[in-house]
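Please read the structure below before turning to the comments.
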């Protein structure tokens with residue numbers, strides 16, 4: 001089973017850069033997208049966003065051109081969930097889940113706090129709310145693969161300029177501590193599990209400033225977090241950098257079975 005996750009920074013922009021031409025070549029079973037920045041009514045006008053052979057669902061933000069998540073899957077899910085039960089986060093389109101028997105695949109987009117204190121406060125509220133949700137999922141008896149842009153670089157290995165970013169959103173001490181707690185409860189960081197010492201090859205986002213892409217001055221903020229029962233099924237993972245669909249790159253993880 002191959003699962004791909006990507007912050008598209010606008011699904012229409014990513015499509016114009018070849019995302020849906022690239023997808024059929026990947027032998028993927030699931031594609032999770034974040035930051036789709038589109039309403040369903042905008043996308044229904046073009047078959048590009050509904051490729052044949054894929055079951056597609058969107059959870060868009062109420063605000064037009066903002067946030068939103070989607071899942072594309074080869075297999076029809078048994079159930080689809082798209083509400084966390086908190087209007088602040090549901091109205092921003094931050095969660096979508098496909099269920100297959102005992103397996104859940106989630107597309108998740110955590111708020112970014114980089115635009116100022118108000119957004120950081122929203123991010124912190126999300127972290128406080130979502131930590132017990134993850135704990136509940138962990139003990140539910142279900143297998144979970146949580147894919148998405150978490151907007152947190154966990155350790156010094158996860159961004160190039162860690163020293164100068166210690167006071168910046170995405171690498172704040174309390175955000176990193178949140179990740180440490182989550183992983184400490186049993187959640188497994190799939191890519192880090194497979195490549196425990198890797199650094200620059202794991203980056204998934206690059207600023208549009210300062211020639212960051214060409215210099216590989218990046219951050220690893222896109223993840224696939226899995227419940228412990230799936231850790232033994234991890235086979236390989238990689239970041240696709242041969243094409244640029246967004247300021248993020250697709251994270252691809254292969255699972256046995």
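For this structure, a couple of remarks:
- Size descriptors for the chain: radius of gyration and Dmax over Cα atoms are 16.9, 46 Å.
- Treating r as the C-beta distance of residue 102 and residue 27 and R0 as 30 Å, the FRET efficiency rounds to 0.80.
- Highest average packing first - 45-53, 200-208, Cβ atoms within 10 Å: 200-208, 45-53
- The value obtained for the stretch 142-257, namely the Cα convex hull volume divided by the number of residues, is 107 Å³ per residue.
- When the Cα gyration tensor is reduced to axis lengths a ≥ b ≥ c, the ratio a/c is 1.5 or higher for the stretch 40-170, and with a/b above b/c it is classed as prolate.
- Where both bridge residues fall in the stretch 2-255, DSSP classifies roughly 75% of the beta bridges as antiparallel.
- Think of it as helices only: each DSSP H run of n ≥ 4 in the chain is worth -39500 (n - 2.57), and spread over all residues that comes to -6500 deg cm²/dmol at 222 nm.
Where a number appears in this text, it was derived from the coordinates with a stated rule and is not lab data. Small disclaimer: the values here were computed from a predicted structure and weren't measured. Note that we place each Cβ from the backbone using ideal geometry, even for glycine, and neighbour counts take in every protein chain shown.
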